[in-house]
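Structure first, commentary second.
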Amino acid sequence: MAKMRVVQVPEAKAPFEIVEREVPEPVPGAVRIKVQACGICHSDSYTKDGLLPGIQYPRVPGHEVIGIIDAVGANVQGWAAGQRVGVGWHGGNCGYCDTCRRGDPFACETESLVTGITSDGGYADYMVARAETLARVPEDLSNVDAAPLMCAGITTFNALRNSGARPGETVAVLGLGGLGHLGVQFAAKLGFRTVAIARGQDKVPLARQLGAYRYIDNAAEDPAAALQKLGGAKAILATVTSADAMSSVQGGLAVNGTLLVIGAVEAVKVDTLALLRGRRSIKGWYSGTSIDSQETLAFSALTGVRPMTEILPLERAAEGYERMMSGKARFRVVLTTGN
Ligand SMILES: [Zn+2]
Ligand SMILES: [Zn+2]
């Protein structure tokens, strides 16, 4: 049997270990992917720290996967060996429950499958993925550039394009980290009057470089008042994991404006009077399914949106994970296998 390397979490909160396993065979409905690159995401901590019930260990994390299909399981249509594909957070859906049939497979009622959490992910030379989770990767996007788009990219792009804001309208992106640096680029390329909000004057050049029309330093000024001076934001994309920061920007929403929540935090304070007086809303957005990933990759290839990355070989996954979790990484860490 052929062997491969995987970086696994042996049990919740235990250190990563790199081990040799047999290369897996694709089950019916799935393909085997020879992994080329896998981004590290903060949500890999669900697996690392056992933050969701029922995770079976050992488990291989990683849901920002780019690779080549090298074996196709039974009952798979439309995919073939040799195709370059991406796999993200969404780990599959049944296709027959009421929610799937209503066109919302992200919220499938039968199965709640997440790559790298309910099945082994991309910190490995090979992984198995269900066919409905696969996205095509455009030729002119490198493996390292494409990987972070499979979670950080799709999450920000898909929320923004479904925000209800129209080109020319003001859209703010709260936070300039792994998600925010992509969110600002997407907002600008989608034609929004893009406002970046972060702490400190030192981020002005970065915000400009990413395409922001205006930068608000929320350590120096009230972001809600600053947004209202611009006429209010039709959408605010909250990419930070601070409930206080989210609470403090709500007052910057325009009439009919929406605060988009794409990361889980503790309770956010809500000004209910402002919501009803201005018909404003606070809405969560699930990253998306494989077609959303595919469209994120295609849009990025088309418009030049690219993540800023630090690249490490697979065997240095633990170090890369530490850089992401400590906030030191600028801005996403991508593991490469050399395959
Ligand atoms: Zn993620
Ligand atoms: Zn379903």
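If a/c stays under 1.5 just call it rounded; otherwise compare a/b with b/c (prolate if a/b is bigger, oblate if not). Do that for the range 51-156, with a ≥ b ≥ c from the square roots of the Cα gyration tensor eigenvalues. In terms of gyration-tensor shape, rounded. Using a cutoff of 8 angstrom between alpha carbon atoms and counting only pairs six or more residues apart, the relative contact order for the range 40-176 works out to 27 percent. In order along the range 252-265, the Karplus-derived 3J(HN,Hα) couplings, from 6.51 cos²θ - 1.76 cosθ + 1.60 at θ = phi - 60°, round to x, 6, 6, 4, 6, x, 10, 8, 9, 9, 10, x, 7, 9 Hz, and Gly and Pro are given as x.
For Lys34, the aspartates and glutamates whose Cα falls under 14 Å of its own Cα, not counting residues fewer than eight places away in the same chain, are Glu22, Glu25, Glu64, Asp70, Asp120, Asp125.
Think of each Lys and Arg Cβ as +1 and each Asp and Glu Cβ as -1; about the Cα centre, that makes the dipole of the range 241-333 roughly 340 debye.
Amide H contacts under 5 Å for Val333: Ile40, Glu310, restricted to partners 5 or more places along the chain or on a different chain, H placed in the peptide plane at 1.01 Å from N. Let a ≥ b ≥ c be the square roots of the eigenvalues of the Cα gyration tensor of the range 250-292; is it rounded (a/c under 1.5), or, if not, prolate (a/b larger than b/c) or oblate? Verdict is oblate for the range 250-292. Of the residues Ala172, Phe106, Ala147, the one whose Cα sits farthest towards the positive end of the charge dipole of the chain is Ala172 (charges of +1 on Lys and Arg Cβ, -1 on Asp and Glu Cβ, taken about the Cα centre). Kindly identify the range 209-339 as rounded, prolate or oblate by the Cα gyration tensor criterion: order the square roots of the eigenvalues as a ≥ b ≥ c, call it rounded if a/c is under 1.5, otherwise compare a/b with b/c, prolate if a/b is larger, else oblate. Judged from the Cα gyration tensor, the range 209-339 comes out prolate (a/c at least 1.5, a/b above b/c). For the range 291-339, the Cβ-based charge dipole about the Cα centre amounts to some 220 debye (Lys, Arg positive; Asp, Glu negative; other atoms uncharged).
Backbone amide hydrogens, once placed in the peptide plane, bring Phe192 within less than 5 Å of Gly168, excluding anything fewer than 5 places away on its chain.
The mean sequence distance of close C-alpha pairs (under 8 Å, at least 6 residues apart), as a share of the length of the chain, puts its relative contact order at 18 percent.
Of the two radii for the range 1-68, the radius of gyration is 0.97 times the Kirkwood radius, both from the alpha carbons; that is the Rg over Rh value.
Distance distribution P(r), the range 2-121, all Cα-Cα pairs, bin width 10 angstrom from 0: 13, 39, 37, 10, 0 percent. The charge dipole of the chain, taken about its Cα centre with unit charges on the Cβ of Lys, Arg, Asp and Glu (plus for the first two, minus for the last two), comes to roughly 1080 debye. The H on the amide N of Leu253, modeled in the peptide plane, is under 5 Å from the matching H of Ala233, each at least 5 residues off or on a different chain.
Here Lys13 is the anchor, and the lysines within straight C-alpha reach of less than 22 Å, apart from those fewer than 8 places off in the same chain, are Lys48, Lys328. Sorted largest first, the spans of the alpha carbon positions of the range 97-185 along the three principal axes are 41, 36, 25 Å.
Taking θ as phi - 60° and the Karplus parameters 6.51, -1.76 and 1.60, the scalar couplings of the range 142-154 work out to 6, 4, 5, 6, 6, 4, x, 5, 6, 10, 4, x, 4 Hz in sequence order, x denoting glycine and proline.
Read the figures in this text as sums done on the coordinates, not as results from a lab. Because the structure is predicted, anything quoted here is derived from the model rather than measured. In this analysis, Cβ positions are derived from the backbone assuming ideal geometry, glycine residues included, and neighbour counts consider all displayed protein chains.
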